[in-house]
Amino acid sequence: MAKVLVFIDNPGAALKKSSLELLTIARSLGETVAAVNGELHDDVASTLAAYGTQALYRPSAADLDDYLVGPKAAFLAAAADAAGADVVLAENSAEGKEIAARLGIRLGAGVITDVVAVDPDGTAHKSVLAGSYTTTAKATTPVSVLTVKPNSVTPEPAVTGTAPESIPVQVPDVTAAAARVTARTEKPASGRPDLSEARVVVAGGRGVDGNFGPLEELADALGAAIGASRAATDAGWIGHDAQIGQTGKTVAPQLYISAGISGAIQQKAGMQTAKVIVAVNKDAESPVFEIADFGIVGDLFQVLPQATAEIKKRRG
Ligand SMILES: Cc1cc2nc3c(=O)[nH]c(=O)nc-3n(C[C@H](O)[C@H](O)[C@H](O)COP(=O)(O)OP(=O)(O)OC[C@H]3O[C@@H](n4cnc5c(N)ncnc54)[C@H](O)[C@@H]3O)c2cc1C
């Protein structure tokens, strides 16, 4: 049976949905073990048990979060060696991919990024060329490293779960040579879900003309995250971390509401795998309607407030 090591980087008080997804995929491939960096809260430990984690590898060294990716990759490589892992699963974030690349070099392992599904035999499925093709890939090396996009599977706990054994891993001393984080500034919390993981996304483009207010009200009525096209982020109407598309974030929510976005190929690349796409655009010829499941031809400043009012009414 394959041994699958899931990397969980500084989980905080509770595991993120994307971590639960990795644990769910791991179980479909073989025996799950986890390498957890950072403090281990009781809730996190019990969730790891509930998701069928057999063993927990913990760094013996100082807090790795004071460093950039190098020491984390070193820890993960030592954990993969100690576990005898055949597959390592990590997040598909920019940091997750960089750690995967460094891990690939350390282990001589094939690395596959942007994975959207994994077959039980380890074959990975990827969405490529701005989402226009789906390809399959399998590493031919003894160990493979996969970074998996969020919202790829529905998290499911194991049928039975027992507390995993905790195993300390000696982290090679790369910390001396590594750049050190000297200060952190907390990003103001919006109270909305994380864009990459949100089940509902409301995204605005040039058509919002600098006013994201109606989108924010709709997003709050739906518990959604706010996204944007590059035209909107380049105009400075919203931060660059809200950009969705080829050079922004890739999202795959259950529902994507696109407002005042024309649907350029670079924008589609980041959102076309959404389950249901609703487009609001005043131009009936706009290409966004080619991929929309529901299209509303109209002015977003009239359509969105009506939608928000109706949702609020129905929710009571
Ligand atoms: C290398 C490269 C990478 C890129 N990466 C990205 C990326 O990651 N993400 C991305 O989004 N773009 C990206 N772009 C830019 C992309 O090509 C488009 O220029 C951009 O997506 C357009 O943004 P938009 O749809 O908001 O603006 P526009 O194309 O100007 O469309 C605005 C739309 O709003 C509609 N509208 C206007 N007013 C209203 C109203 N009141 N109510 C309803 N509808 C209204 C208009 O009919 C129009 O369809 C990239 C481009 C390049 C070259």
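Things to note:
- Residues located in the range 79-91, provided they are within 15 Å of the chain's Cα centre (by Cα) and either surrounded by fewer than 21 Cβ atoms within 10 Å (Cβ to Cβ) or among the aliphatic types (A, V, I, L, M) (or both): Leu89, Ala90
- Residue in the range 164-172 that is of a type in the set (Val, Ile, Thr), over 30 Å from Val297 (Cβ atoms) and part of a loop (DSSP other than H, G, I, E, B) present: yes
- Residue list for the range 201-236, filter: more than 10 Å from the ligand (Cβ to nearest atom) and assigned to a loop (DSSP other than H, G, I, E, B): Gly210, Phe212, Gly223, Ala224, Gly236
- Selection count where residues are aliphatic (A, V, I, L, M), surrounded by fewer than 24 Cβ atoms within 10 Å (Cβ to Cβ) and within 13 Å of the ligand (Cβ to nearest atom), scope the range 258-278: 4
- In the range 247-265, the residues that are over 14 Å from Lys282 (Cα atoms) form Cβ pairs under 9 Å with partners that are polar (S, T, N, Q) and within 7 Å of the ligand (Cβ to nearest atom), at six or more places apart or across chains, as follows: Thr247/Gln266; Gly248/Ser229; Gly248/Gln266; Gly248/Gln267; Lys249/Gln243; Ala264/Ser229; Ile265/Gln246.
- Within the range 292-316, the set of residues being within 15 Å of the ligand (Cβ to nearest atom), open to solvent by 40 Å² or more (accessible area, probe 1.4 Å) and touching a strand residue (DSSP E or B) at 6+ places or on another chain (Cβ under 6 Å) comprises Phe294, Gly295, Ile296.
- Residue selected from the range 233-257 under the condition touching a Ser or Thr at 6+ places or on another chain (Cβ under 8 Å) and open to solvent by 60 Å² or more (accessible area, probe 1.4 Å), by the criterion nearest to Lys187 (Cα to Cα): His240
- Inter-residue pairs, beta-carbon under 6 Å, first open to solvent by 40 Å² or more (accessible area, probe 1.4 Å) and in the range 204-231, second within 8 Å of the ligand (Cβ to nearest atom) and assigned to a helix (DSSP H, G or I), 6+ apart: Arg206/Ala231
- Evaluated against (1) charged (D, E, K, R); (2) modelled with pLDDT of 95 or more; (3) part of a loop (DSSP other than H, G, I, E, B), Asp81 falls short on exactly one condition, (3).
- Residue that is farthest from Ala224 (Cα to Cα), among those in the range 273-316 that are assigned to a helix (DSSP H, G or I) and among the charged types (D, E, K, R): Glu290
- Annotation: of all residues in the range 143-170 being crowded, with 19+ Cβ neighbours inside 10 Å and under 21 Å from Ala80 (Cβ atoms), the one that is modelled with the lowest pLDDT is Pro164.
Conditions tested, residue by residue: (1) open to solvent by 80 Å² or more (accessible area, probe 1.4 Å); (2) assigned to a strand (DSSP E or B).
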position: Lys97; (1), (2): no, no
position: Ile105; (1), (2): yes, no
position: Val111; (1), (2): no, yes
position: Pro120; (1), (2): yes, no
position: His125; (1), (2): no, yes
position: Ala139; (1), (2): no, no
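- Val169 vs. criteria within 24 Å of Leu48 (Cβ to Cβ), assigned by TED's automatic domain parsing to the domain that holds Leu89 and within 25 Å of the chain's Cα centre (by Cα): no
The values are calculated or read from the model by the stated rules, or taken from the named source; none is laboratory data. Because the structure is predicted, anything quoted here is derived from the model rather than measured. Here the Cβ is made from the backbone with ideal geometry for all residues, glycine too, and neighbour counts use every protein chain on show. Quick note on the areas: whole protein, heavy atoms, side chains included, nothing else; ligands and nucleic acids left out. Shrake-Rupley method; radii C 1.70, N 1.55, O 1.52, S 1.80 Å.
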